[in-house]
1. In region 63-73, how many are touching a helix residue (DSSP H, G or I) at 6+ places or on another chain (Cβ under 8 Å) and under 23 Å from LEU120 (Cβ atoms)?
2. Checking SER100 against (1) surrounded by 11 or more Cβ atoms within 10 Å (Cβ to Cβ); (2) without any contact (Cβ under 8 Å) to a residue 12 or more places away in the chain; (3) of a type in the set (Ser, Thr, Tyr): exactly one of these is not met. Which one?
3. Kindly check whether there is at least one residue in region 111-128 that is at pLDDT below 95, over 17 Å from LYS20 (Cβ atoms) and β-branched (Val, Ile, Thr).
4. Which of the strands (runs of 3 or more DSSP E) found entirely inside region 26-102 contain at least 1 residues meeting this: hydroxyl-bearing (Ser, Thr, Tyr) and touching a Gly at 6+ places or on another chain (Cβ under 7 Å)?
5. Go through (1) more than 29 Å from HIS39 (Cα to Cα); (2) in a loop (DSSP other than H, G, I, E, B) one by one and return the number of the condition GLY116 breaks.
6. So is LEU105 in contact (Cβ under 8 Å) with a residue 60 or more places away in the chain, outside any loop (DSSP other than H, G, I, E, B) and within 14 Å of the chain's Cα centre (by Cα) or not?
7. Regarding region 29-46, can at least one residue be identified that is under 22 Å from ALA111 (Cα atoms) and surrounded by 21 or more Cβ atoms within 10 Å (Cβ to Cβ)?
Amino acid sequence: MSDPFKAPSSAAGIEWKTLKGALLLVKVHGIEAEINTVHGASSAVRADVIVLDDKGDVETGTSYADTLVFPKVLQSQIKGSVGGMVLGRLGQGEAKKGQSAPWMLSEATEADKVIGRDYLAAQDVAPF
């Protein structure tokens, strides 16, 4: 008999630098407000993040289920798609003085969209 129980989710989150350059499919679930972090209260977007190619340091198919997205620019790009999916390649914008360069998605190319559609077809999910 198979085990019906899943292990608890890890609270480690995503180390964005390991995904730099990778094509990501982000399934956006919702927006979480007032999450207590070591830096104080913050908002985040709750999503599944799936790596669709190995351009970063993480293998194709790696999935971060029900994770919180904290980078602000990245949040602004995906929060309007609650209940939907966003496809893009992870990169960084220009750093402002005294700050780190922001994480952001570049728009998917036609070739990227083919990879995204192929992934969804293999998962039996309606295409975007």
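The values are calculated or read from the model by the stated rules, or taken from the named source; none is laboratory data. Quick caveat: nothing in here was measured; it's all calculated off a predicted structure. Virtual Cβ from ideal backbone geometry, glycine too; neighbours counted across all protein chains shown.
1. Number satisfying all stated conditions: 1.
2. (1)
3. Scanning region 111-128 turns up at least one residue that is at pLDDT below 95, over 17 Å from LYS20 (Cβ atoms) and β-branched (Val, Ile, Thr).
4. Once the strands (runs of 3 or more DSSP E) in region 26-102 are filtered for at least 1 residues that are hydroxyl-bearing (Ser, Thr, Tyr) and touching a Gly at 6+ places or on another chain (Cβ under 7 Å), what remains is 63-69.
5. Every condition holds for GLY116 apart from (2).
6. It is true that LEU105 is in contact (Cβ under 8 Å) with a residue 60 or more places away in the chain, outside any loop (DSSP other than H, G, I, E, B) and within 14 Å of the chain's Cα centre (by Cα).
7. No, region 29-46 contains no residue that is under 22 Å from ALA111 (Cα atoms) and surrounded by 21 or more Cβ atoms within 10 Å (Cβ to Cβ).
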